[in-house]
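Since the structure comes first, as structure tokens, the remarks are kept for the end.
The values are calculated or read from the model by the stated rules, or taken from the named source; none is laboratory data. Note that the structure is a prediction, hence the values are computed from the model and not measured. So basically every Cβ, Gly included, is an ideal-geometry build from the backbone, and we count neighbours across all protein chains shown. Areas reflect the complete protein model, heavy atoms only, side chains present, ligands, DNA and RNA absent. Shrake-Rupley method; radii C 1.70, N 1.55, O 1.52, S 1.80 Å.
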Amino acid sequence: MTQSSYRAKLLTFTGDPAQSPDAAVFHEDGVVIVEDGHVAAAGAWTALAGLVSGDASVHDLRDKLIVPGFIDTHIHYPQTDMIASPAPGLLPWLETWTFPTERRFEDEAVAHDTARFFVEELLANGTTTALVYCTVHKQSADALFSASEAKNLRMIAGKVLMDRHCPAFLRDTPQSGYDDSAELIGRWHKRGRQLYALTPRFAPTSTEAQLEACAALAKAHPDIFIQSHAAESREEVNWVSTLFAHRRSYIDVYDHYGLLRPRAVYGHCIWLDDEDRRRMTQTRAVAAHCPTSNLFLGSGLFDFDRASESAMLVTLATDVGGGTSFSMLQTMNEAHKVARMGGHHLSATRMFWLATAGAAEALDLGGMIGTLAPQSEADFVVLDPQATPLLARRTARAQSLEELLFAFAMLGDDRAVYATYAAGKRVHRRGERTKRRNV
Ligand code: GUN
Ligand code: ZN
């Protein structure tokens with residue numbers, strides 16, 4: 001048995017801080033003890049110092065803050081190289097930038113190169129788990145899972161399904177989409193730390209026959225994830241109401257095909273009504289809020305008050321490349337402002353929970369990731385309150401945990417990530433990343 005320990009300030013959660021003020025657990029002088037890729041213990045140094053093996057290396061990080069690894073619940077790896085591409089709204093953005101970019105992933109070399117860079121970029125931002133869209137090409141999913149497996153990360157990903165309303169070069173068919181997805185589930189779901197997500201892009205790009213194929217796959221594999229987009233922009237919602245005129249709403253399309261259930265994650269969920277939220281809550285489907293993307297594409301403002309009232313499961317996500325940052329800290333920054341626009345106060349403590357333990361619980365992975373609880377997988381981030389001169393000045397004056405976390409959320413990005421660990425191994429250290437050439 002190998003043991004390593006990390007002495008630092010610690011933050012972990014026992015529940016939603018909005019429900020219970022004691023749910024955020026903070027140790028000014030704490031330690032995480034890692035054995036064989038799992039957390040053996042985490043807590044106050046004074047209580048746990050006796051458990052640290054004499055010969056185990058103690059990493060002294062007392063001026064840093066350790067938090068569970070961030071979980072990004074909606075991101076597109078093929079869009080890495082087209083981040084920061086503007087368009088007057090979602091649908092023109094898809095046509096102008098997204099589809100031509102995703103075409104490049106028919107080339108395996110492009111897929112492998114981009115997947116490797118993407119995984120490094122996630123880790124540089126402290127993200128240790130993500131729910132990842134690949135392209136329609138099945139080799140794009142193989143490339144992402146291979147890059148994740150090489151670093152022993154817990155990633156969730158899937159090949160996009162789309163058989164209409166996209167260029168012919170990106171189209172699958174109900175049968176080929178079904179066969180490719182089934183093959184990838186067999187190859188990757190639960191292989192090491194990899195998990196599969198059935199990925200119909202969004203209702204407009206799937207025929208009813210393809211949605212029926214998804215229903216069959218979802219039924220045959222009750223523990224896989226499902227990911228799609230829902231109610232992102234008004235134009236898209238209007239389009240769905242004409243394409244599926246016999247369905248009550250956009251969410252009802254997914255509901256009809258049995259795609260609302262635990263482990264089903266819908267990006268955006270801006271233009272929902274109360275009945276949609278009620279069904280999301282009842283089925284334990286998850287709304288992934290993507291604030292940087294929603295502002296960048298002008299899609300709309302996620303309604304935190306209504307989401308809270310309905311008790312719908314909510315997580316945070318970057319949605320790169322519609323989103324403009326890989327950083328979950330920057331995502332918190334924009335989430336706070338979107339909530340503010342709706343008159344809702346989103347505390348930093350709650351945002352850190354949403355990006356860690358809250359996401360893990362919403363994804364039905366509670367206790368496994370998103371926490372520093374004993375037996376959990378040792379995925380964690382070392383944040384540096386002195387990362388920039390401004391952060392150093394602001395955090396030095398922080399009088400509370402909330403104030404410290406708020407400074408990270410508003411002022412932090414990849415510069416604030418000193419190191420990232422996955423399954424107990426260091427997978428990123430600030431300043432040590434090698435420059436690579438793009439293909
Ligand atoms: N809706 C359908 N596809 C996409 C996509 O790639 N990004 C975003 N933001 N919305 C979508
Ligand atoms: Zn998206």
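A residue that is within 22 Å of ASP72 (Cβ to Cβ) and outside any helix (DSSP H, G or I) occurs somewhere in the range 172-189.
Each residue in the range 1-40 was checked for being small (Gly, Ala, Ser), in contact with an Asp or Glu (Cβ under 9 Å, 6 or more places away or on another chain) and farther than 18 Å from LEU404 by Cα, and 3 pass.
All conditions in (1) open to solvent by 10 Å² or more (accessible area, probe 1.4 Å); (2) outside any helix (DSSP H, G or I); (3) not aromatic (Phe, Trp, Tyr) hold for VAL237, with the sole exception of (2). In this structure, is LEU259 assigned to a loop (DSSP other than H, G, I, E, B) and either open to solvent by less than 10 Å² (accessible area, probe 1.4 Å) or among the aliphatic types (A, V, I, L, M) (or both)? Against the criterion (assigned to a loop (DSSP other than H, G, I, E, B) and either open to solvent by less than 10 Å² (accessible area, probe 1.4 Å) or among the aliphatic types (A, V, I, L, M) (or both)), LEU259 qualifies.
When PRO88 is tested against (1) part of a loop (DSSP other than H, G, I, E, B); (2) crowded, with 17+ Cβ neighbours inside 10 Å; (3) more than 13 Å from ligand 1 (Cβ to nearest atom), exactly one condition is not met: (2). Among the residues of the range 298-316, those that are without any contact (Cβ under 8 Å) to a residue 60 or more places away in the chain, touching a His at 6+ places or on another chain (Cβ under 9 Å) and crowded, with 20+ Cβ neighbours inside 10 Å comprise PHE302, ASP303, PHE304, ALA307, VAL314.
Can you work out which of the residues in the range 353-379 that are open to solvent by 50 Å² or more (accessible area, probe 1.4 Å) and of a type in the set (D, E, K, R) is farthest from PHE13 (Cα to Cα)? This residue is ASP364.
Conditions first: (1) outside any helix (DSSP H, G or I); (2) in contact (Cβ under 8 Å) with a residue 40 or more places away in the chain. GLN19 passes all but one, so which condition is the exception? Status for GLN19: all satisfied but (2). Checked against the criterion of being under 17 Å from the mean Cα position of the chain (by Cα) and open to solvent by less than 10 Å² (accessible area, probe 1.4 Å), the candidates ILE83, ILE156 yield just one match: ILE156. Scanning the range 1-17 for residues that are at pLDDT below 95 and of a type in the set (A, V, I, L, M) yields a count of 1. Going by what's in this entry, would LEU295 be described as surrounded by fewer than 24 Cβ atoms within 10 Å (Cβ to Cβ) and within 16 Å of ligand 2 (Cβ to nearest atom)? Criteria met by LEU295. When residues in the range 34-58 are screened for being at negative phi and not in a strand (DSSP E or B), 12 of them pass.
A single entry from VAL31, VAL67 fulfils the requirement of being farther than 30 Å from SER299 by Cβ, away from ligand 1 (no atom under 16 Å from the Cβ), assigned to a strand (DSSP E or B) and modelled with pLDDT of 95 or more: VAL31.
Take the residues in the range 4-16 that are outside any strand (DSSP E or B) and open to solvent by less than 30 Å² (accessible area, probe 1.4 Å); name whichever of them is farthest from THR315 (Cα to Cα). Result: GLY15.
Among the residues of the range 269-289, are any within 16 Å of ligand 2 (Cβ to nearest atom), touching a residue at least 60 places away in the same chain (Cβ under 8 Å) and touching a helix residue (DSSP H, G or I) at 6+ places or on another chain (Cβ under 8 Å)? Yes, some residue in the range 269-289 is within 16 Å of ligand 2 (Cβ to nearest atom), touching a residue at least 60 places away in the same chain (Cβ under 8 Å) and touching a helix residue (DSSP H, G or I) at 6+ places or on another chain (Cβ under 8 Å). Within the range 182-216, restricting attention to residues that are hydrophobic (A, V, I, L, M, F, W, C) and in contact with a helix residue (DSSP H, G or I) (Cβ under 6 Å, 6 or more places away or on another chain), the residue that is most open to solvent (accessible area, probe 1.4 Å) is ALA209.
How many residues, within the range 324-340, are open to solvent by less than 10 Å² (accessible area, probe 1.4 Å) and within 15 Å of ligand 2 (Cβ to nearest atom)? So the answer is 1.
Against the condition of a type outside the set (S, T, N, Q), within 16 Å of ligand 2 (Cβ to nearest atom), under 26 Å from TYR77 (Cα atoms) and within 18 Å of the chain's Cα centre (by Cα), how does GLY321 come out, does it pass? Taking the combined requirement at face value, the residue satisfies it.
Taking the listed residues ALA115, ALA109, the one that is free of Cβ contacts under 8 Å to residues at least 60 places away in the same chain and part of a helix (DSSP H, G or I) is ALA115, with no other qualifying.
Going by the conditions given, is LEU144 open to solvent by less than 10 Å² (accessible area, probe 1.4 Å), closer than 29 Å to ALA409 by Cβ and either within 15 Å of ligand 2 (Cβ to nearest atom) or in contact with a strand residue (DSSP E or B) (Cβ under 7 Å, 6 or more places away or on another chain) (or both)? So LEU144 passes the test.
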